[in-house]
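Q: Input: one structure, supplied below.
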Amino acid sequence: MVVILLLLIPLFGYSQYGSIELSTGGFSFIPAFTDSSPNIIINAGTGNKKLVSAYMIGNIRMNTLNPRSFFFVTQIKLLDKKSKKLKLSGGIVFPVIQIESDYTVKTYFSQRISASYPVTKKLMLNTTYIHGKGINNDIEINLFSISGILKQNKFSFITQAYYLDIDTTFGIAETINYKLNSKFDLRGFVNQTLSPNQFIWTLGLRYNL
């Protein structure tokens, strides 16, 4: 926990937003890898109004208070003209730290490119490609996803279809967020991996700092 505090104190100090979520499961960029055990999910970032932005997502196992994973993302806007609807950004995810239940630590370096297009004021389409490679392991991944983000009053819905080239894994995920007030959100997540067949759901309460 000391190491976690040393990482989080400066991060929250320089962040423009942050949140802490108590959830029945964890978070993963790859929906099929979502942890089904209770997690504390920490999110902090600089916002995306400037040319370069950064954010971090951390998962801590609730039953032991031991960290499970941390993602540190830095990204730059490649196409962001006010006269154009299409937005394009690229970035790196480094380090990606994955800590197994036996305390084995795996690290990864990833590259990320994302494009977004507003269909209407309430509906946004987004596509993302992530390439990741292990630093102290032999794992290498290619992840493709397309998602639709719909905002309706206090609700937001994110529907995502994805393909991962490890074991030809693909599926559909849905995240539903309900804003209780300026500080608290309820978040529900479901994932149906079609190959192999796997169903995961989580429910969380998020506090926005």
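Rule-based calculations on the coordinates, nothing more; no lab input. Keep in mind that what you see is a predicted model, and the values were worked out from it rather than measured. Cβ coordinates were reconstructed from backbone atoms using ideal geometry, including for glycine residues, and neighbour counts include every protein chain displayed.
Q: One-quarter of the Cα convex hull surface for region 58-170, in nm²? Don't skip to the end; give the middle numbers.
A: Numbers: hull surface 36.8 nm².
Averaging across all directions leaves 9.2 nm² for the Cα convex hull.
Q: What is the distance in Å between the Cα centroid of region 75-136 and that of region 156-209?
A: Computed from Cα coordinates, the inter-centre distance equals 16 Å.
Q: Once Rh is set to the Kirkwood radius over Cα pairs, what Stokes-Einstein translational diffusion coefficient, in µm²/s, holds for region 39-107 at a temperature of 20 °C and a viscosity of 1.002 mPa s? Don't jump to the answer; show the numbers that get you there.
A: Working: Rh = 13.7 Å.
The calculation lands on 156 µm²/s.
Q: Roughly how many debye, to the nearest 20, is the charge dipole of region 97-209 about its Cα centre, given +1 on each Lys and Arg Cβ, -1 on each Asp and Glu Cβ, and no other charges? Please report the intermediate quantities before stating the final value.
A: Values: 11 positive and 8 negative charges, 186 e Å.
With only Lys, Arg, Asp and Glu charged at Cβ, the dipole is about 900 debye.
Q: Check which residues have an amide H placed less than 5 Å from D165's amide H, if you skip close sequence neighbours.
A: N142
Q: Which residues in region 22-44 have a backbone N closer than 11 Å to a point placed 7 Å from the Cα of Q198 along the Cα-to-Cβ line?
A: Residues passing the 11 Å test: 30-36.
Q: With springs only between Cα atoms under 10 Å, which of N43, N136, N59 fluctuates most in a Gaussian network model of the chain?
A: In the Gaussian network model the winner is N136.
Q: Restricted to Cα positions, what overall size does region 114-209 have along the principal axes? Three whole-Å values, descending.
A: Taking max minus min along each principal axis of the Cα atoms, region 114-209 gives 45, 29, 28 Å.
Q: So which aspartates and glutamates can K179 reach, going by Cα to Cα under 19 Å and dropping same-chain residues fewer than 8 places off?
A: List returned: E21.
Q: Got a sec to turn the phi values of region 79-86 into Karplus ³J(HN,Hα) couplings, 6.51 cos²θ - 1.76 cosθ + 1.60 with θ = phi - 60°, whole Hz, x for Gly and Pro?
A: Computed from phi, the couplings for region 79-86 are 9, 8, 7, 4, 7, 10, 6, 5 Hz.
Q: Can you compute log10 of I(q)/I(0) for the chain with the Debye formula, treating each Cα as one identical point scatterer, at q = 0.09, 0.18 Å⁻¹?
A: Evaluating at q = 0.09, 0.18 Å⁻¹ gives log10 I(q)/I(0) of -0.35, -1.74.
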